[in-house]
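The values are calculated or read from the model by the stated rules, or taken from the named source; none is laboratory data. Worth saying up front: this structure is predicted, and the values here are computed from it rather than measured. For neighbour counting, all protein chains shown are included, and Cβ atoms are generated from backbone atoms with ideal geometry for every residue, glycine included. When the accessible area is computed, the model is the full protein with side chains, heavy atoms only, and any ligands, DNA or RNA have been set aside. Shrake-Rupley method; radii C 1.70, N 1.55, O 1.52, S 1.80 Å.
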Amino acid sequence: DLPTGWVGDWSEFYVNYKIYFYNPNLGFLLSEIAPGRGGFLGSIFYKSVDGGNNWTIQELTYPLYDLVFFDRNTGFVSGGVSEWHGGHGDLFKTMDGGNSWINSFYSSFQVKSMSFIDPQTGFILSNQTRDGTNSNIHKTTNGGISWNEVYADKGDSVGLYFAGEEICFLNESV
């Protein structure tokens with residue numbers, strides 16, 4: 001369901017919701033815009049400072065898939081364009097609550113998912129399927145300043161979760 005205060009059927013327009021509340025008042029929501037499910041138009045990044053009663057909106061002309069925030073200002077969103085449309089992926093970082101974004105990671109694969117152990121240590125999953133399925137995991141230990149590949153596989157992984165630095169759960173598409 002959509003956050004409190006939203007009226008109407010948004011399912012034809014907004015898909016692939018990701019929602020994250022840092023505390024009971026501060027929340028972030030990410031969704032794709034796909035009118036009539038006929039095509040992708042971009043993403044919308046929402047921010048609420050009153051428990052979801054009101055939302056500020058930032059429309060982005062880029063497909064985004066995942067988000068994480070560590071405090072009211074610092075967070076990441078990940079996304080990318082499918083290989084059928086040029087194929088690349090990005091991870092963007094904000095340090096001002098989503099008002100502006102800097103590119104923290106670029107790949108020729110879409111960045112589908114991320115998991116952070118703490119604000120400094122995190123992992124991202126990127127994949128592509130056009131020329132055979134490939135998935136890569138990259139790791140940062142400095143808050144996204146630099147990334148190193150730590151895993152590559154021919155599987156079609158679409159999600160990951162790290163429970164500490166040594167235990168990883170991968171979600172593969174079926």
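Does ASN99 satisfy the criteria of being in a loop (DSSP other than H, G, I, E, B), touching an Asp or Glu at 6+ places or on another chain (Cβ under 7 Å) and either at pLDDT below 85 or more than 15 Å from GLU32 (Cβ to Cβ) (or both)?
In short, no.
Since PHE40 meets every condition but one in (1) modelled with pLDDT of 70 or more; (2) surrounded by 14 or more Cβ atoms within 10 Å (Cβ to Cβ), which condition does it not meet?
(1)
Give the residue, chosen from VAL68, VAL49, that is farther than 30 Å from GLU165 by Cβ and modelled with pLDDT of 80 or more.
Going through VAL68, VAL49 in turn, just one is farther than 30 Å from GLU165 by Cβ and modelled with pLDDT of 80 or more: VAL49.
Quick check on the stretch 74-82. Is at least one of its residues modelled with pLDDT under 85 and either open to solvent by 50 Å² or more (accessible area, probe 1.4 Å) or not small (Gly, Ala, Ser) (or both)?
Checked the stretch 74-82: at least one residue is modelled with pLDDT under 85 and either open to solvent by 50 Å² or more (accessible area, probe 1.4 Å) or not small (Gly, Ala, Ser) (or both).
For the stretch 20-35, what are the residues that are surrounded by fewer than 17 Cβ atoms within 10 Å (Cβ to Cβ) and at pLDDT below 80?
Residue satisfying the conditions is PRO35 alone.
Quick test for you: out of SER173, SER126, SER115, pick the one residue that is open to solvent by less than 20 Å² (accessible area, probe 1.4 Å), among the polar types (S, T, N, Q), modelled with pLDDT under 85 and out of contact with any helix residue (DSSP H, G or I) (no Cβ under 6 Å at 6 or more places or on another chain).
Selected residue: SER126, the only one of SER173, SER126, SER115 that is open to solvent by less than 20 Å² (accessible area, probe 1.4 Å), among the polar types (S, T, N, Q), modelled with pLDDT under 85 and out of contact with any helix residue (DSSP H, G or I) (no Cβ under 6 Å at 6 or more places or on another chain).
Give the residues of the stretch 52-65 that are at pLDDT 85 or above and not in a strand (DSSP E or B), sorted by residue number.
GLY52, ASN53, ASN54, TRP55
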